[in-house]
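The values are calculated or read from the model by the stated rules, or taken from the named source; none is laboratory data. Because the structure is predicted, anything quoted here is derived from the model rather than measured. Counting neighbours? That spans all protein chains shown, and the Cβs are built from the backbone with ideal geometry, glycine included. Areas reflect the complete protein model, heavy atoms only, side chains present, ligands, DNA and RNA absent. Shrake-Rupley method; radii C 1.70, N 1.55, O 1.52, S 1.80 Å.
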Amino acid sequence: MDWKSKRIRTILEAALAEDKVANDVTTALTIAPDLRASGTIIAKQACVVSGLGCIPVFLDIFAKMSPAPVGRFEVISHPEIFDGVKVKKGQTLAVIRHNARAILSCERVILNLMQRMSGIATLTNEFVKAVAGTKTKVLDTRKTIPGLRALDKYAVCCGGGVNHRLDLQDGILIKNNHISLGGGLPTVLEHALEGRKTGQVVQVEVRSQTELDQAIAGGAESILLDNMTPSQVKKAVKQIRATLPNVPVEASGNMNLKTVRAYALAGVDFVSVGALTHSAAAADLSMRITADIY
């Protein structure tokens, strides 16, 4: 993750602007402008860490937004604490040494983002562990918070998952609505194969035996088995491998921690899990702030 990129910086700046951090009236009325402090971010549950890089960027942006100078800051992390590492309840993730007003004004925004990202990373890791020992990889989807996709998908990677399409330009995936509106699977598949650019792979989502037969006959280059049972998936994989042995096979729908291993054992290369980004519970993190003497 390039935390200093214009795209990411814009997202973080918008988060600070939303909270009106430069106009924190409570802090301005109660905290001396020259007080220094330490903010210690603590994991209140076991989790997989994601988002540490946002801390210095948030603080740097705040310094430019603040109506008064806030001075230098320092963000300290133990070498063994980094994005993607698993931590225990009570472990310190990072320590911020900075102007007290700056820490107080940025506290909630920093925690909000890190809690979401660490929650996604933690849930992803649970799915990855659930399919351990199989060849199956866990994919995310485009079911992300609008505007936060880059951060959501980075968090998936921190948990050991793999990113699917980043956006609609990132790959060709023929879904059920394309099929129904475009004249049927054979027609839309033919058009996609004829019109795609060099290097683009045409993936087809199938929901029935008929669509599977059509996808195989039409030369689909990747097949997504949607909302099928594990036994149906196993049968479909066998059929695909017999005709198109090198075509990647993905399963989606009905994916949860209780069912995902059954789908992996059915022989698919990938399982896509929308819950990674649309239903992950935020990790429980807190920030303990104390006066600091320099």
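Annotation: of all residues in region 192-228 being among the hydroxyl-bearing types (Ser, Thr, Tyr) and open to solvent by 60 Å² or more (accessible area, probe 1.4 Å), the one that is farthest from Asn256 (Cα to Cα) is Thr198. Condition check for Pro67 on (1) within 21 Å of Met1 (Cβ to Cβ); (2) modelled with pLDDT under 95: one failure, at (1). Is it the case that region 95-118 has a residue that's outside any helix (DSSP H, G or I) and either among the acidic types (Asp, Glu) or open to solvent by 50 Å² or more (accessible area, probe 1.4 Å) (or both)? Looking for residues that are outside any helix (DSSP H, G or I) and either among the acidic types (Asp, Glu) or open to solvent by 50 Å² or more (accessible area, probe 1.4 Å) (or both), one finds at least one in region 95-118, hence yes. Residues in region 155-177 that are aliphatic (A, V, I, L, M) and touching a strand residue (DSSP E or B) at 6+ places or on another chain (Cβ under 6 Å): Val162, Ile172, Leu173, Ile174. Taking first residues from region 89-111 that are closer than 11 Å to Ala43 by Cβ and among the hydroxyl-bearing types (Ser, Thr, Tyr) and partners that are modelled with pLDDT of 95 or more and open to solvent by 10 Å² or more (accessible area, probe 1.4 Å), the Cβ contacts under 6 Å between residues at least 6 apart in sequence or on separate chains come to Thr92/Thr40; Thr92/Ile42. Of the candidates Gly161, Gly133, Gly90, Gly84, the single residue that is in contact with a helix residue (DSSP H, G or I) (Cβ under 7 Å, 6 or more places away or on another chain), modelled with pLDDT of 95 or more and either open to solvent by 50 Å² or more (accessible area, probe 1.4 Å) or on the phi > 0 side of the Ramachandran plot (or both) is Gly84. Only one of the numbered conditions (1) modelled with pLDDT of 95 or more; (2) part of a loop (DSSP other than H, G, I, E, B) is violated by Leu12, and that is (2).
The set of residues in region 119-149 being in contact with a strand residue (DSSP E or B) (Cβ under 8 Å, 6 or more places away or on another chain), among the aliphatic types (A, V, I, L, M) and part of a loop (DSSP other than H, G, I, E, B) consists of Val131 alone. Scan region 250-274 for residues that are surrounded by fewer than 22 Cβ atoms within 10 Å (Cβ to Cβ) and more than 12 Å from Leu139 (Cβ to Cβ) and the total you get is 10. Tallying residues that are open to solvent by 60 Å² or more (accessible area, probe 1.4 Å), among the aliphatic types (A, V, I, L, M) and out of contact with any Asp or Glu (no Cβ under 9 Å at 6 or more places or on another chain) within region 15-56 yields 3. Mind telling me which of the residues Arg116, Arg165 ends up being farther than 16 Å from Ala283 by Cβ and touching a residue at least 12 places away in the same chain (Cβ under 8 Å)? Residue meeting the stated conditions: Arg165. Specify the residue that is nearest to Glu126 (Cα to Cα); the eligible residues are those in region 57-75 that are open to solvent by 20 Å² or more (accessible area, probe 1.4 Å) and part of a helix (DSSP H, G or I). Among those that are open to solvent by 20 Å² or more (accessible area, probe 1.4 Å) and part of a helix (DSSP H, G or I), it is Asp60.
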